1. By how many degrees, 0 to 90 and rounded to 10, does the Cα axis of helix 85-96 deviate from the longest principal axis of the chain?
2. Tally Lys/Arg at +1 and Asp/Glu at -1 over every other residue whose Cβ is under 10 Å from the Cβ of Thr180; what's the total?
3. Tell me the Kirkwood radius of region 19-96: reciprocal of the mean inverse pair distance over distinct alpha-carbon atoms, in Å.
4. Give me the tail of P(r) for the chain as a percent: Cα-Cα pairs with distance above 29 Å.
5. With label points built 7 Å along Cα→Cβ from the Cα atoms of Arg175 and Ser115, find their separation and express it in nm.
6. HN-Hα J couplings of region 161-171 from phi, Karplus 6.51/-1.76/1.60, θ = phi - 60°, integer Hz, Gly and Pro as x?
7. Please compute the modelled spin-label separation between Lys200 and Val34, points set 7 Å along Cα→Cβ, answer in nm with one decimal.
8. On a C-alpha basis, how far is the centre of region 160-200 from the centre of region 24-41 in Å? Whole number, if you could?
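Laboratory data are not the source of any read-out in this text; all were calculated from the coordinates shown. Computed from a prediction, not measured in an experiment: that's the story for all the values here. No Cβ is skipped: glycine too gets one built from the backbone with ideal geometry, and neighbour counts run over all protein chains shown.
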Amino acid sequence: MYRLIILLILTISVAQVKAEGDVSRGKALTNACVACHGVDGNSPAGAFPSIAGQHTKYLLKQLNDIKTKKRAAPLMTGLLDNMSAQDLEDIAAYFADQKHKTGAAKAELVKLGESIYRAGIKRKKIAACSACHLPQGEGLNLAGFPALAGQWPEYIEAQLKAFRTGARDNDGEGRMMRNTALDLSDEEIAAVASYIYGLK
């Protein structure tokens, strides 16, 4: 029994080592990424997500979902087709290793945005964003919950609306994001997206 436990621990440890990406190699693979996501993963425009400092588990899931067409990303069509699993791990490692930039929330949206982010909307049975994405928007790598702090509000708005309509559905069988976004109004989405942009 003891040997079996040791063998299991060693197997898990080896798997974890193999799953780690190579940051230097990842940088060399990002030539096609920089136009939209920026050289260091800080996107130059709100239509594209900033992925600098994002958790590797989340980045890798999104890359695999886009490659397998589980998540629609028309501008990335074909870009990942010839990438190996190791390539994707290395790219994820590179962007995770970069420092993300933050912005500032619109003053007139802070009160509503903070209320939704920190407490949810009780009457609509919407949970607080901070429950999964944590108080400062740092996310949780082990659970696969993305970091949100400093993300472009335009991008957050677009994703929440896509989850709301079901156009984006790669949030798992629990439908966590689709259920959360379902009853959010455009005003509430704009407020929480602005608030997230100002999180540090």
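1. Here the helix axis deviates by roughly 50 degrees.
2. Values: positive: Lys124, Lys125, Arg164, Arg175, Arg178; negative: Asp171, Asp183.
With Lys, Arg at +1 and Asp, Glu at -1, the neighbours total +3.
3. Numbers: mean 1/r = 0.0816 Å⁻¹.
So the Kirkwood estimate lands at 12.3 Å.
4. On the way: 5363 of 19900 pairs.
Tail of P(r) above 29 Å: 27 percent of Cα pairs.
5. Roughly 2.7 nm, to one decimal.
6. Coupling constants for region 161-171: 5, 5, 5, 4, 8, x, 5, 10, 9, 9, 9 Hz.
7. Modelled inter-label distance: 2.9 nm.
8. Going from one Cα centre to the other spans 27 Å.
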